[in-house]
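The values are calculated or read from the model by the stated rules, or taken from the named source; none is laboratory data. Quick caveat, the model's predicted, so the values are computed rather than measured. No Cβ is skipped: glycine too gets one built from the backbone with ideal geometry, and neighbour counts run over all protein chains shown. Ligands, DNA and RNA are excluded from the accessible area calculation, which covers all protein heavy atoms including side chains. Shrake-Rupley method; radii C 1.70, N 1.55, O 1.52, S 1.80 Å.
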Amino acid sequence: MNRIKIVGIGPGHKDYILPIAYKTIEEADLLIGGSRNLEVFQDYKKETLCYEGNLKEIVETMAIQKENNKKIVVLVSGDTGFYSLLDYIKNFFSDEDIEVIPGISSFQYLFSRLKRSYKGYGLYSLHGRDIQVDAYIEKHQGVFLLTDEKNTPSSIVTSIMDAYGHWKMIVGENLSYENEKITQGKVKDFRKKEFSKLCVVVIEKYVE
Ligand SMILES: C[S@@+](CC[C@H](N)C(=O)[O-])C[C@H]1O[C@@H](n2cnc3c(N)ncnc32)[C@H](O)[C@@H]1O
């Protein structure tokens, strides 16, 4: 019986996808993913299923297609181990039913562009969840944050401005794409700035 393959496809650009991910995707019968992830493989002419908030339905389809012995590949952005669909899928399938192929995470990519290691940084997600950023900041040398359309860089600035306005903020937009932009400054300088939908944020102590 074929296993469901959950494949990390990196930050977005094709050059950051591992050879084993390409091989697995080439062999697939059915590709499941968000529209941004499916777009990368549109030339492969595979049967596709797009998830946009219909996760329960997707899992039901996966179970049926697995019974039919279809080769199912679930594409996730970045790495499988960092706030991907992996945990949700594991609620429905056993370890024997799945195989996991890692990818390059948005935090690995950003720190490589900054030419730094991420040792000592707290890695958190505001994607689809609310956390009090200030409760985590002091615990680390800095924090890396995934954002979403509600928890944007501007909303982060508003929530930490009073206590951490003098700290350093880095925003990485559209990482690895042609329109990639990395902006650095003090938290207070980011007030009222607009950013792309796809972005990550680092907050850290300011060093002159
Ligand atoms: C569901 S999370 C997935 C995180 C992913 N597993 C990882 O390892 O980076 C999606 C969030 O990742 C971040 N992200 C993913 N790709 C990105 C990119 N190319 N540029 C900027 N942010 C990105 C954004 O904050 C986005 O809202």
Restricting the search to segment 10-19, which residues are open to solvent by less than 90 Å² (accessible area, probe 1.4 Å) and either touching a Phe, Trp or Tyr at 6+ places or on another chain (Cβ under 8 Å) or assigned to a helix (DSSP H, G or I) (or both)?
Gly10, Pro11, Gly12, His13, Tyr16
Residue list for segment 87-107, restricted to those being open to solvent by 30 Å² or more (accessible area, probe 1.4 Å), hydrophobic (A, V, I, L, M, F, W, C) and within 15 Å of the ligand (Cβ to nearest atom):
Val100, Ile104
Based on what the data block shows, is Ser77 open to solvent by 30 Å² or more (accessible area, probe 1.4 Å), within 14 Å of the ligand (Cβ to nearest atom) and either closer than 25 Å to Pro19 by Cβ or among the basic types (Lys, Arg) (or both)?
yes
Residues Gly120, Gly34: which one is surrounded by fewer than 19 Cβ atoms within 10 Å (Cβ to Cβ) and under 26 Å from Tyr177 (Cβ atoms)?
Gly34
For Ser106, indicate whether it is within 22 Å of Leu18 (Cβ to Cβ) and at pLDDT 95 or above.
yes
Any idea which residue in segment 140-177 is farthest from Gln108 (Cα to Cα), counting only those that are in contact with a Pro (Cβ under 6 Å, 6 or more places away or on another chain) and of a type in the set (A, V, I, L, M, F, W, C)?
Val171
Taking segment 188-203 and keeping residues free of Cβ contacts under 8 Å to residues at least 60 places away in the same chain, surrounded by 21 or more Cβ atoms within 10 Å (Cβ to Cβ) and within 18 Å of Tyr124 (Cα to Cα) leaves Cys199, Val201
Kindly indicate the residue of segment 125-171 that is in contact with a Gly (Cβ under 7 Å, 6 or more places away or on another chain) and free of Cβ contacts under 8 Å to residues at least 40 places away in the same chain and also least open to solvent (accessible area, probe 1.4 Å) among those meeting that condition.
Met169
Looking at segment 45-70, which of its residues are in a loop (DSSP other than H, G, I, E, B) and open to solvent by 90 Å² or more (accessible area, probe 1.4 Å)?
Lys45, Glu52, Asn68
Of (1) more than 10 Å from the ligand (Cβ to nearest atom); (2) surrounded by 15 or more Cβ atoms within 10 Å (Cβ to Cβ); (3) assigned to a strand (DSSP E or B), Gly185 satisfies every one except (2)
